[in-house]
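Below is one structure, written out as structure tokens; comments come after it.
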Amino acid sequence: MTEGIEPNRAPEEASLQRRSVAVRGVVQGVGFRPFVYRLAHEEGLAGSIGNDTDGVTIEVEGQEARVEAFLQRLRAELPPLARIDAIAVRNLAATGEAGFRIVASEVLGRVSTGIPADAATCADCLRELLDRNDRRYRYPFLNCTNCGPRYTITRRIPYDRPQTSMARFTMCAACQAEYDDPANRRFHAQPNACWVCGPMLRFVGCDGAAVEAEDPVAACVDRLAAGEIVAIKGIGGFYLSVDATNEAAVKWLRERKHRYGKPLAVMVRDVAAAREICVLTAEEEALMQTSARPIVLVRKREGNGIAESVAPGIPWLGIFLPYAPLQHLLFDSGQVRALVMTSANLSEEPIAIDNDEALTRLGGIADAFLMHDREILQRCDDSVAALVDGAPQLLRRARGFVPLAVPSPIDAPPLLAVGGHLKNVLALARGRFVYQSQHLGDLENLTGLEFFKESLDHLMRTFEIEPRIVVHDLHPGYLSTGWAKEFARERGLEIIGVQHHHAHVAGCMAEHGLASSVIGLALDGTGYGTDGKIWGGEVLICRLDGFERFAHLEYVPMPGGDAAVREPWRMALGVLHTAGFDVESEQVLNLLGAQPSEVRVLRRMMERGINSPLTSSLGRLFDAVAALVLNRRVVGYEAQAAIELEGMALDEPDRFEQGSYVPELHGSEKGSGGVAVIRTGKMWKAVLDDLWRGVPAARIGARFHAGIAEGFINAAANARIETDINTVALSGGCMHNRRLTRLLRSGLEEEGFEVFTHRQVSPGDGGLSYGQAVIATAMVSRSKSAGEAD
């Protein structure tokens with residue numbers, strides 16, 4: 001007998017079924033309640049739905065077949081921005097209720113639902129924006145349940161208007177009617193507004209004084225077309241914008257912003273405009289048009305009209321589409337074809353979000369400001385993605401993705417993972433979910449640390465997670481490590497240190513639910529090793545709760561320490577010295593572009609071990625090759641040399657019958673018990689021989705990629721012989737390199753390996769906190785199991 005059915009009821013009453021349906025996931029602020037309301041009406045069901053701190057709770061009552069149909073459609077016909085992580089259904093006693101209602105939100109207990117991510121303007125809203133007969137014609141802040149700001153305007157869960165920065169805007173009668181109508185697209189759209197009742201634009205000069213303008217957008221576009229720099233307020237912060245086809249304007253922006261070489265992102269009107277500027281695949285076009293609207297790195301088209309200074313020295317351009325109504329309006333007049341839209345800050349500072357803050361910090365950069373009075377509650381840069389080896393990869397996870405949870409393969413205790421030093425992203429975890437923050441940037445100074453603490457406070461408040469454990473990188477010099485130890489000490493929390501490259505690989509494992517050991521190739525620029533040296537070219541045997549080092553690139557010195565990262569010729573000097581070359585010979589000095597005196601000093605430093613830390617980093621080898629092949633003595637941004645080397649080889653073949661520079665694996669014999677070393681001495685001899693023979697630089701760059709890939713494939717094959725493991729996880733910042741990732745994946749699969757790469761978080765340091773959280777969870781779970789066994 002079904003629970004809740006009383007045997008003495010009439011047959012037609014006894015056939016009624018009532019279910020309680022608890023739905024967890026991204027189900028608030030995405031049109032889920034009106035969707036359920038419509039489903040219930042279409043199936044002729046009574047009951048209710050309401051938001052709570054866990055998601056939504058639904059009660060439905062009706063004929064059994066209709067109830068079952070409702071439950072099937074609930075998963076199959078989700079609104080575009082909704083995501084269901086779990087559904088719990090239980091039987092209730094039928095009540096004979098009539099009608100279906102949407103009830104007020106209930107705030108009880110611990111928060112476990114998700115705030116939706118900010119979403120790009122939907123097609124329906126875009127049509128209204130440009131429709132002269134619509135009451136929201138050219139209104140810069142229109143939105144509905146399928147689009148608009150979410151995370152960046154939200155203070156806490158549940159996601160209702162009083163919890164957002166729209167609370168101060170009282171809806172007019174027309175907007176309120178839409179908000180209250182379950183059949184309307186704007187039913188419970190929390191940022192709902194119009195010209196009568198919503199936020200407004202204003203255009204001001206660099207001194208904050210209002211500029212007389214009938215239309216602030218038109219005034220802004222006129223200034224941009226004239227070559228001026230305008231600070232424009234977006235969803236997650238201000239942009240600094242110039243006409244992307246104006247070389248002088250772009251150079252002036254770089255000069256004022258102190259950003260001398262790092263590529264700038266370009267926004268265009270639509271996909272058709274993007275095709276004129278770049279060579280796009282169907283997959284890249286689809287990625288550009290997702291609701292997250294990330295910046296997508298794509299190949300430039302020759303003669304595209306974009307200023308050379310936008311992305312100098314590389315064949316790619318970061319391009320994205322408007323994601324907010326205001327941005328669509330910027331292109332509506334046709335005066336500007338493409339706009340540089342770069343974060344409004346000086347180098348190494350967080351993006352500006354407040355109007356007064358923007359005027360103070362950017363008054364010396366921008367000629368004018370297009371701002372508005374809707375408060376941004378969370379700084380959030382644009383996400384950056386690329387198609388890597390045929391699949392989308394996140395280089396930077398921010399607007400459009402945050403704060404969507406990433407699954408944890410094990411139930412996590414409440415914990416905080418603080419990430420690394422560069423490209424910092426923190427994470428909070430509880431249960432089966434890890435909540436990563438937006439991209440926070442490099443923790444180089446106290447300003448960056450304040451942004452870190454501000455974001456942590458917001459996430460803790462939003463998801464009501466009070467960490468019991470704090471997880472950090474092993475590097476003793478990281479600002480995040482020092483802060484984590486102090487935070488844990490002050491609060492009496494458990495603290496766990498996690499090795500950098502283990503975190504990289506564990507993150508990839510967790511994304512794919514890999515519980516068994518894998519061979520991890522962790523390839524990046526910098527990570528503190530358990531031996532106190534700088535790792536970065538690692539073959540690891542990884543479990544979630546531990547790892548062993550199977551092999552690594554041979555150690556080479558970094559003459560001058562961090563100076564060798566900024567000046568790649570120093571790394572070339574270090575690798576050539578290790579390989580046995582006479583670095584003071586005329587031939588080598590010419591290649592390095594260095595003076596005999598400076599080389600002599602650095603050689604002595606390396607030989608005496610003075611300020612010449614040892615590294616096994618693959619990223620530093622890329623720097624060394626770029627210094628030799630491209631004469632890249634100094635870099636202006638992280639990984640510049642490696643990016644230029646990859647770009648130079650873009651049209652070269654992937655593989656060569658002969659002439660690849662394959663490093664040699666030593667000490668990997670089965671049963672040897674030691675850590676194998678991937679030696680590069682002969683590789684460097686082959687590189688220099690080709691340089692001196694006049695082999696084109698692009699061919700040398702391609703051969704280097706091919707040889708490095710083959711060397712690590714050989715190491716993985718030897719690791720399989722030793723361990724019988726046939727699964728490989730690829731991680732680390734070098735996995736942003738399309739050519740290298742493609743060569744590794746295809747070569748490993750040809751050897752019969754099953755290969756996994758990142759899809760939900762960045763393979764670079766932006767994914768570290770996710771891996772740290774998973775490792776700490778696995779370690780706690782192991783300790784708990786051991787304690788129970790005892």
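Right, Q17: at pLDDT below 80, crowded, with 21+ Cβ neighbours inside 10 Å and not in a helix (DSSP H, G or I) or not? No. Could you say whether any residue in segment 173-186 is touching a helix residue (DSSP H, G or I) at 6+ places or on another chain (Cβ under 7 Å), outside any helix (DSSP H, G or I), touching a residue at least 60 places away in the same chain (Cβ under 8 Å) and surrounded by 21 or more Cβ atoms within 10 Å (Cβ to Cβ)? The answer is no; no qualifying residue exists. Under the condition of being of a type outside the set (K, R) and within 20 Å of R374 (Cα to Cα), the residues counted in segment 221-240 number 10. Checked against (1) out of contact with any strand residue (DSSP E or B) (no Cβ under 6 Å at 6 or more places or on another chain); (2) surrounded by fewer than 20 Cβ atoms within 10 Å (Cβ to Cβ), D411 passes all but a single condition, namely (1).
Could you say whether any residue in segment 718-730 is open to solvent by 20 Å² or more (accessible area, probe 1.4 Å), assigned to a helix (DSSP H, G or I), out of contact with any strand residue (DSSP E or B) (no Cβ under 9 Å at 6 or more places or on another chain) and closer than 21 Å to L628 by Cβ? No, there is no match, as no residue in segment 718-730 is open to solvent by 20 Å² or more (accessible area, probe 1.4 Å), assigned to a helix (DSSP H, G or I), out of contact with any strand residue (DSSP E or B) (no Cβ under 9 Å at 6 or more places or on another chain) and closer than 21 Å to L628 by Cβ. Scanning segment 333-354 for residues that are surrounded by 17 or more Cβ atoms within 10 Å (Cβ to Cβ), over 15 Å from L321 (Cα atoms) and among the hydroxyl-bearing types (S, T, Y) yields a count of 1.
Of all residues in segment 533-549, those that are free of Cβ contacts under 8 Å to residues at least 60 places away in the same chain have Cβ atoms under 9 Å from Cβ atoms of residues that are part of a strand (DSSP E or B) and of a type in the set (F, W, Y), 6 or more apart or on another chain, in L540/F547; L540/F550. Candidates L443, L426, L456: the one that is surrounded by 22 or more Cβ atoms within 10 Å (Cβ to Cβ) and free of Cβ contacts under 8 Å to residues at least 60 places away in the same chain is L443. Across segment 501-520, the qualifying residues are those that are of a type in the set (A, V, I, L, M) and within 22 Å of V425 (Cβ to Cβ), and the one among them that is farthest from the chain's Cα centre (by Cα) is L514. Within segment 422-432, being out of contact with any helix residue (DSSP H, G or I) (no Cβ under 6 Å at 6 or more places or on another chain) and farther than 25 Å from Q28 by Cβ holds for one residue alone: N424. Within segment 25-65, the set of residues being open to solvent by less than 10 Å² (accessible area, probe 1.4 Å), of a type in the set (A, V, I, L, M) and either in a helix (DSSP H, G or I) or closer than 30 Å to D118 by Cβ (or both) comprises V26, V27, V30, V36, L39, A40, I49, V56, I58. Residues that are in a loop (DSSP other than H, G, I, E, B) and acidic (D, E) within segment 116-129 comprise just one, D118. Quick one: is L394 closer than 20 Å to L297 by Cα and either touching a Cys at 6+ places or on another chain (Cβ under 8 Å) or in contact (Cβ under 8 Å) with a residue 24 or more places away in the chain (or both)? It is true that L394 is closer than 20 Å to L297 by Cα and either touching a Cys at 6+ places or on another chain (Cβ under 8 Å) or in contact (Cβ under 8 Å) with a residue 24 or more places away in the chain (or both). Within segment 130-168, how many residues turn out to be assigned to a loop (DSSP other than H, G, I, E, B) and under 25 Å from T53 (Cβ atoms)? So the answer is 15. If you check E357, E375 for being touching a residue at least 60 places away in the same chain (Cβ under 8 Å) and open to solvent by 30 Å² or more (accessible area, probe 1.4 Å), only one passes: E375. Here is the figure for segment 750-782: residues that are crowded, with 24+ Cβ neighbours inside 10 Å and either β-branched (V, I, T) or at pLDDT below 95 (or both) total 4.
Scanning segment 324-353 for residues that are in contact with a Ser or Thr (Cβ under 7 Å, 6 or more places away or on another chain) and assigned to a loop (DSSP other than H, G, I, E, B) returns A324, R337, E349, P350, I351. Taking segment 666-680 as the range and being open to solvent by less than 60 Å² (accessible area, probe 1.4 Å) and modelled with pLDDT of 95 or more as the test, the residues that pass are A676, V677, I678, T680. Of the candidates G482, G448, the single residue that is farther than 22 Å from V780 by Cβ, open to solvent by 10 Å² or more (accessible area, probe 1.4 Å) and not aromatic (F, W, Y) is G482.
Here is a yes/no grid of residues against (1) buried (at least 17 other Cβ atoms within 10 Å of the Cβ); (2) over 25 Å from the mean Cα position of the chain (by Cα); (3) not in a loop (DSSP other than H, G, I, E, B):
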residue: L691; (1), (2), (3): no, yes, yes
residue: R699; (1), (2), (3): yes, yes, yes
residue: A702; (1), (2), (3): yes, yes, yes
residue: N714; (1), (2), (3): yes, yes, yes
residue: C734; (1), (2), (3): yes, no, yes
residue: R739; (1), (2), (3): yes, no, yes
residue: L743; (1), (2), (3): yes, no, yes
residue: L748; (1), (2), (3): yes, yes, yes
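Among the residues of segment 157-174, the ones that are closer than 22 Å to I115 by Cβ and over 35 Å from the mean Cα position of the chain (by Cα) come to 0 in all. Of (1) open to solvent by less than 10 Å² (accessible area, probe 1.4 Å); (2) within 27 Å of T741 (Cβ to Cβ); (3) of a type in the set (A, V, I, L, M, F, W, C), F401 satisfies all except one. Which? Looking at each condition in turn, F401 falls short on (1). The requirement of being of a type in the set (F, W, Y), in contact (Cβ under 8 Å) with a residue 40 or more places away in the chain and farther than 21 Å from D524 by Cα is satisfied by F656. Screening A368 with (1) touching a Phe, Trp or Tyr at 6+ places or on another chain (Cβ under 7 Å); (2) within 24 Å of F320 (Cα to Cα); (3) open to solvent by 10 Å² or more (accessible area, probe 1.4 Å) gives one miss only, at (3).
Here V761 fulfils each of the conditions (1) touching a Phe, Trp or Tyr at 6+ places or on another chain (Cβ under 8 Å); (2) more than 23 Å from W535 (Cβ to Cβ) apart from (2). Test V687 against the criterion of being more than 34 Å from the chain's Cα centre (by Cα), closer than 29 Å to L422 by Cβ and either surrounded by 14 or more Cβ atoms within 10 Å (Cβ to Cβ) or in contact (Cβ under 8 Å) with a residue 24 or more places away in the chain (or both), and give yes or no. Taking the combined requirement at face value, the residue satisfies it.
The values are calculated or read from the model by the stated rules, or taken from the named source; none is laboratory data. Treat the numbers as computed from the prediction; the structure is a model and nothing was measured. Don't worry about glycine lacking a Cβ; one is built from the backbone with ideal geometry, like all the others, and counts go over all protein chains shown. Each accessible area value is taken on the protein alone, full model and side chains, heavy atoms only, with ligands, DNA and RNA left out. Shrake-Rupley method; radii C 1.70, N 1.55, O 1.52, S 1.80 Å.
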